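The values are calculated or read from the model by the stated rules, or taken from the named source; none is laboratory data. This is a predicted model, so every value here is computed, not measured. Here the Cβ positions follow ideal geometry from the backbone for every residue, glycine too, while neighbour counts run over all protein chains shown. Surface accessibility is based on the protein's heavy atoms, side chains included, excluding ligands, DNA and RNA. Shrake-Rupley method; radii C 1.70, N 1.55, O 1.52, S 1.80 Å.
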Amino acid sequence: MNTKPFTSGPGENAIVITRVADRQWHALDDDLVVGRGHAEHRPDGRLFVSIDAWDDAAFDRLAEAMPAELPAPLYTVVDEADAELTAAWQRAGFTIRRREWEYAVPTDPRVTGLEAVLPPSGVTIVPAGQADEGLLRAVDRAIRDEVEATIGWRSMPAEVIPRPEGDTIVDPSKYAVAAAPDRYLGLIRVVTVNRPRIGLVAVRAGEQRRGIARALLAHALGTLHRSGSAAAWTEVHESNRAASALFQGIGARPTSSNLELVR
């Protein structure tokens with residue numbers, strides 16, 4: 001257990017940082033917990049930190065103690081509207097790495113304009129839960145390699161769902177795919193926890209601009225609409241203009257933005 005005293009100001013009690021468990025810290029003021037810090041690995045292997053503190057002194061003390069015991073680089077995510085929290089992380093040496101826009105996506109085909117959208121000739125949509133797992137993993141791997149070779153996977157939405165190391169398909173039942181007779185050309189992943197989230201929609205590089213992504217969205221959103229969901233949500237990296245145009249073109253509206261910071 002590690003403790004480091006810190007006096008936040010003349011005449012005030014010392015704030016003591018205590019490591020209470022693996023990657024968990026408490027800030028104590030006269031034995032009262034005034035802040036908590038936590039670190040965890042995301043599925044992509046990066047280490048993310050978070051702090052919940054009553055005041056700036058407790059936050060700053062945790063933000064000083066935690067990096068001293070953790071390997072760099074460290075990452076964190078904040079709501080861009082929370083200027084105070086963003087400034088606190090910047091005081092601790094973190095800088096803005098990326099911005100993601102969160103969109104609310106309507107599901108009603110009369111709103112999205114996707115009611116009459118069909119896949120191109122020779123392509124069929126295989127519903128979620130019916131895809132061949134081998135072909136699904138093959139198209140996922142091919143698309144990831146294509147993205148990494150061009151704009152980089154960092155331009156895609158951050159992946160936060162736990163998965164086994166080296167396995168990029170979290171749950172095959174969550175994917176619908178666009179299928180040619182001999183292989184899959186694209187995929188869409190929809191996961192519902194508190195609300196439906198479109199975690200990924202992607203098409204092989206050589207098959208883009210054929211309307212496959214719109215057909216995948218038409219299928220997924222139509223399925224959600226029929227099940228009673230009025231809206232889904234998704235995140236788009238600010239540099240991904242094609243994805244932004246795709247979602248804005250079906251009536252999705254930005255509701256907030258998140259900043260990923262790194263130290």
(Q) Along its three principal axes, how long is the chain when you only count alpha carbons? Whole Å, largest extent first please. (A) 75, 36, 32
(Q) With a 1.4 Å probe and all protein chains kept in place, how much accessible area does ARG137 have, in Å² rounded to the nearest 10? (A) 80 Å²
Q | Selected from ASN258, MET66, GLN130, residue furthest toward positive end of dipole (the chain; charges at beta carbon) | A | GLN130
Q: Return the carbon/sulfur percentage of the accessible area of the chain, one whole number, probe 1.4 Å, all protein chains in place.
A: 50 percent
**Q.** Over the chain: helical MRE at 222 nm, DSSP H runs n ≥ 4 each giving -39500 (n - 2.57), nearest 500
**A.** -7500 deg cm²/dmol
Q. Once amide H atoms are built 1.01 Å from N in the peptide plane, which residues 5 or more positions from GLY211, or in another chain, come under 5 Å H to H?
A. none
Q. With the dipole of the chain worked out from charges on the C-beta (+1 for Lys and Arg, -1 for Asp and Glu) around the Cα centre, which of PRO106, GLY206, GLY228 lies farthest toward the positive end?
A. GLY206
Q | About the Cα centre, charge dipole magnitude for the chain (Lys/Arg +1, Asp/Glu -1 at Cβ), debye | A | 1140 debye
Q: Please build a GNM for the chain, connecting alpha carbons under 10 Å apart, and tell me which residue among GLU80, GLU207, GLU102 fluctuates the most.
A: GLU207
Q) By the gyration tensor of its Cα atoms, with a ≥ b ≥ c the square roots of the eigenvalues, what is the shape of segment 53-101: rounded for a/c under 1.5, prolate for a/b over b/c, or oblate? A) oblate
